Amino acid sequence: MKYYSYFPGCSLSEGTAVAYGISTRAISSVLDMELIELEDWNCCGSTPIAQPMSFSRFALQLVIWLWLKRQGLI
Amino acid sequence: MNLLMRKIRHNQGLAVDRDDFLEEVYSVPGGESIRWCVQCGTCSGSCPNAAQMDYSPRKVIALVRSGKRYDILNSNSMWVCASCYLCTVRCPKDVKITELMHALERLSVARGVTNGRISTPTMYRVFVDSIKSNGRVHELGMMMKFYLSAILRGKINPLATIKMLPVALKLLSHGRMAIRPKRIKGIEQVKIIMERAKALGGVE
């Protein structure tokens, strides 16, 4: 069993791409992988925030990265 | 003579304007790369949305380089960009075209010059609002807010929203759209970080 840290993102967890999230989790157990979801993750900013608000994008992504570190996932 | 002087002064004014805009574009990440463009048109040929753009990606670079600030910032080109990066990966000269499009969006928002027909800036604003209130994007709430504010700004015909109703119902019935927003525990911190980032250089 291999462990992977997992950041689903807004669309994969509860949005329009939820089906991809479901299949990713379903296939992971078949492939002998365990996905460990980052707890209490925030939005990565995606395209809308990257464009008019360049600084906020880095801020949000940095928060996710620090969160991963704190939870010992990287 | 007088006319000639006026013409020279006019041209000087344009030249200053031009350098200023070019410098601004060069100074953003990836903006410098438009220097290497050879106008081959691979970007325009690869762009899936080029047909919807006022100026195709190749033309955007040509216009930026010739200092047509007004034409560029008023066009819809950068707002139609889907950020698929096909132009960037295919560019033989490694021009960061998608980054340029993002930079132009930032510049046009910062200057308060945006294309009147385009509702993308409104979309971006409600997206950011959704992150600020939930920490994650709540698509149903975001889209309702988007349509409301786009209608109020006269960017979308109210009747056009009715066409979206079947789509919304389908998404809801397939469980692809959450009705209630999921608020993260660290929302207060996210809010503070967003405000701080905005103060440090984000434009809204």
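The values are calculated or read from the model by the stated rules, or taken from the named source; none is laboratory data. Keep in mind the model is a prediction, meaning the values are calculated, not measured. Every residue, glycine among them, receives a Cβ derived from its backbone with ideal geometry; neighbour counts consider all protein chains shown.
Just wondering, is there one or more residues in segment B:116-135 that are facing another protein chain (nearest Cβ under 8 Å), over 20 Å from the mean Cα position of the chain (by Cα) and not in a helix (DSSP H, G or I)?
Checked segment B:116-135: at least one residue is facing another protein chain (nearest Cβ under 8 Å), over 20 Å from the mean Cα position of the chain (by Cα) and not in a helix (DSSP H, G or I).
Assess whether B:SER149 counts as being in contact with a Gly (Cβ under 7 Å, 6 or more places away or on another chain), buried (at least 16 other Cβ atoms within 10 Å of the Cβ) and assigned to a helix (DSSP H, G or I).
In short, no.
Residue check: is A:LEU60 at pLDDT 85 or above and under 15 Å from the mean Cα position of the chain (by Cα)?
The answer is yes for A:LEU60.
Here's a check for you: in segment A:1-19, which residue that is assigned to a strand (DSSP E or B) and not basic (Lys, Arg) is farthest from the other protein chains (Cβ to nearest Cβ)?
Ranking the qualifying residues of segment A:1-19, first place goes to A:TYR3.
Would you mind telling me which numbered condition in (1) without any contact (Cβ under 8 Å) to a residue 24 or more places away in the chain; (2) over 21 Å from the mean Cα position of the chain (by Cα) B:PRO181 fails?
Unmet condition: (1).
Which one is surrounded by the fewest Cβ atoms within 10 Å (Cβ to Cβ), of the residues in segment B:152-204 that are closer than 17 Å to B:MET123 by Cα and facing chain A (nearest Cβ under 7 Å)?
B:GLU204
Look at segment A:20-74 and say how many of its residues are assigned to a helix (DSSP H, G or I), of a type in the set (A, V, I, L, M, F, W, C), within 26 Å of B:LEU172 (Cα to Cα) and more than 7 Å from every other protein chain (Cβ to nearest Cβ).
Looking only at that region, the number is 3.
Look through segment A:1-25, keep the residues that are without any contact (Cβ under 8 Å) to a residue 40 or more places away in the chain and over 28 Å from B:MET143 (Cβ atoms), and return whichever of them is surrounded by the fewest Cβ atoms within 10 Å (Cβ to Cβ).
Only one residue fits best here, namely A:MET1.
Report, by residue number, each residue of segment B:72-115 that is more than 11 Å from the chain's Cα centre (by Cα), crowded, with 20+ Cβ neighbours inside 10 Å, without any contact (Cβ under 8 Å) to a residue 60 or more places away in the chain and not in a helix (DSSP H, G or I).
Scanning segment B:72-115 gives a single hit, B:CYS91.
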